[in-house]
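A short write-up of the structure that comes next.
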Amino acid sequence: MEYDFIVVGSGSVGAAAGYYATRAGLRVLMIDAAHPPHKQGSHHGTTRLMRHAYGEGEYYVPLVLRAQQLWRELQAHCSEPVFDKTGVLNLGPADSSFLATVAHSASRWSLPLERLDAAQLRQRWGQISVPDNYIGLYEPDAGVLYSEKAVETWIRLAREAGCAQLFNCPVSAINTGDGGVAVTTPEGEYRARKLLLSAGTWVKTLYPRLPVTPVRKVFAWYQGDGRFATTNHFPAFTAELPDGSQFYGFPAENDALKTGKHNGGQVISRPEQRVPFGQHPGDGAEAFPLLRQILPGIGGCLFGEACTYDNTPDGNFIVDTLPGIPEAMVITGLSGHGFKFASVLGEIACQFACGQPSGFDLAPFRLDRPALRAAC
Ligand SMILES: Cc1cc2nc3c(=O)[nH]c(=O)nc-3n(C[C@H](O)[C@H](O)[C@H](O)COP(=O)(O)OP(=O)(O)OC[C@H]3O[C@@H](n4cnc5c(N)ncnc54)[C@H](O)[C@@H]3O)c2cc1C
């Protein structure tokens, strides 16, 4: 049977794409090497930040606002929370360039954003300790996404809508010809008119020329009582320390506050190098600078996990067609900040499969942008 659309990698973006394309009336085959949601990719660990006033670049804002609408729609299909509007507090030195871009994004797109100086921060959240030169930019409409719940829901909805799903089945090659695309798997070859390559960290095993570097990352849960919970209006947060290191974190749930460091990590080249939390020196101590300086009331490490970022040289996504294969779209290189966009990226992939242009400016995400040209 020939499909309209094959999704190679049905994790965050692929699960959304499979659902939207099936709902659009296409004959879709979703394939994955594992059975999403799972812990081998980049979407596990329960939660992801959803920020709107985007510090990585204001050109992300139209995408993130559409993503938020789609998250709301998804919530209607799920009895458990997919998105929780906890608010997100961005903390850092007053001259932080990340915070400057957050403020610029909010003003350019008229997003609600509160600016607090150090004294106002300490007054509003007594649990937070900041130096006098710090500010906080608080986004009341931002919050927390439940990543595995979202992936599970998209996969269920796609299946119920009639999508074919082939899991625990790695794709070993993508070939083109006869006006379509074919994939090779242990179960045989499958063909379609269009294809999405959304294989996350290990995308280069299928298309080696992509400028994507796998990086092992860890995050962990620390003892944090009700003062750090949403019931006490404690928000999700990003925090830049005086040495420039960037952390993120979530309100405590069941007396455990999850946090991780955004920069750093270990560059790896094979999946088995992503050793579990605790097996790399420094895993357990990575968050101590944040906890000592900003959240002194948080206690010891309870448990942690390892995950992977798929980094591009400039930290921006790759959303393009594969060079020489115009029937294949690639969405990858999400560089540790892509989950919040999974919904809208899935919708963009669906439009590609339907032969419709995307209404978004995707130029910053092209493979031939200057920052990637040298690396390709
Ligand atoms: C520790 C950590 C914290 C993060 N925090 C945030 C955050 O707060 N906010 C945010 O927005 N983002 C965050 N991210 C980033 C976000 O989670 C990722 O960008 C996103 O999940 C990546 O989606 P993806 O679809 O590219 O990859 P995945 O969800 O990993 O999906 C890729 C899929 O491809 C499959 N696959 C791989 N190879 C093959 C093959 N050969 N054949 C078939 N299938 C294959 C895999 O099994 C997997 O299911 C974080 C990431 C990490 C690791």
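Here region 278-368 is treated with +1 on each Lys and Arg Cβ and -1 on each Asp and Glu Cβ, and its dipole about the Cα centre works out to around 280 debye.
Applying the Karplus relation 6.51 cos²θ - 1.76 cosθ + 1.60 with θ = phi - 60° to region 203-215 yields 3J(HN,Hα) values of 4, 5, 5, 9, 8, x, 7, 6, x, 10, 10, x, 10 Hz, where x marks Gly and Pro. Reported value for region 205-298: 129 Å³ per residue, from the convex hull of its C-alpha atoms. Excluding same-chain neighbours fewer than eight residues apart, the lysines reachable from Lys261 by a Cα-Cα span under 16 Å are Lys217. Peptide packing for 283-290, 194-201 was compared via the average number of neighbouring C-beta atoms within 10 Å per residue; ordered from the highest value, the list is 194-201, 283-290.
Relative to the longest principal Cα axis of the chain, at what angle does helix 61-75 sit, 0 to 90 degrees, rounded to 10? Rounded to the nearest ten degrees, it is 80.
The mean accessible area for residues of region 40-172, using a 1.4 Å probe and ignoring ligands and nucleic acids, is 41 Å² per residue. The dipole here belongs to the chain: it is taken about the Cα centre, uses +1 on the Cβ of Lys and Arg and -1 on the Cβ of Asp and Glu, and is about 140 debye. Projecting the Cα positions of Gly87, Val130, Val8 onto the charge dipole of region 1-137 (unit charges on Cβ atoms of Lys, Arg, Asp and Glu, taken about the Cα centre) puts Gly87 furthest along the positive direction.
For region 230-326, the per residue solvent-accessible surface stands at 45 Å², with DNA, RNA and ligands left out and a 1.4 Å probe. Given in Å, the Rg to one decimal and the Dmax to the nearest whole number for the Cα atoms of region 111-269 are 22.1, 66. Across region 114-215, Cα pairs under 8 Å and at least six residues apart give a relative contact order of 14 percent. Entry for the chain at q = 0.11 Å⁻¹: log10 I(q)/I(0) = -0.75, Debye formula applied to identical alpha-carbon scatterers, no solvent contribution. Here the accessible area is traced with a 1.4 Å probe on the protein chains. For the chain, carbon and sulfur cover 51 percent of it.
Between region 287-357 and region 4-70, the C-alpha centres lie 9 angstrom from each other.
In the chain, the calculated helix contribution to ellipticity at 222 nm averages -6500 deg cm²/dmol per residue, counting -39,500 (n - 2.57) for every DSSP H run with n ≥ 4.
The values are calculated or read from the model by the stated rules, or taken from the named source; none is laboratory data. These numbers were taken from a predicted model, which means no experiment stands behind them. Cβ: placed from backbone, ideal geometry, glycine included. Neighbour counts: every protein chain shown. Each accessible area value is taken on the protein alone, full model and side chains, heavy atoms only, with ligands, DNA and RNA left out. Shrake-Rupley method; radii C 1.70, N 1.55, O 1.52, S 1.80 Å.
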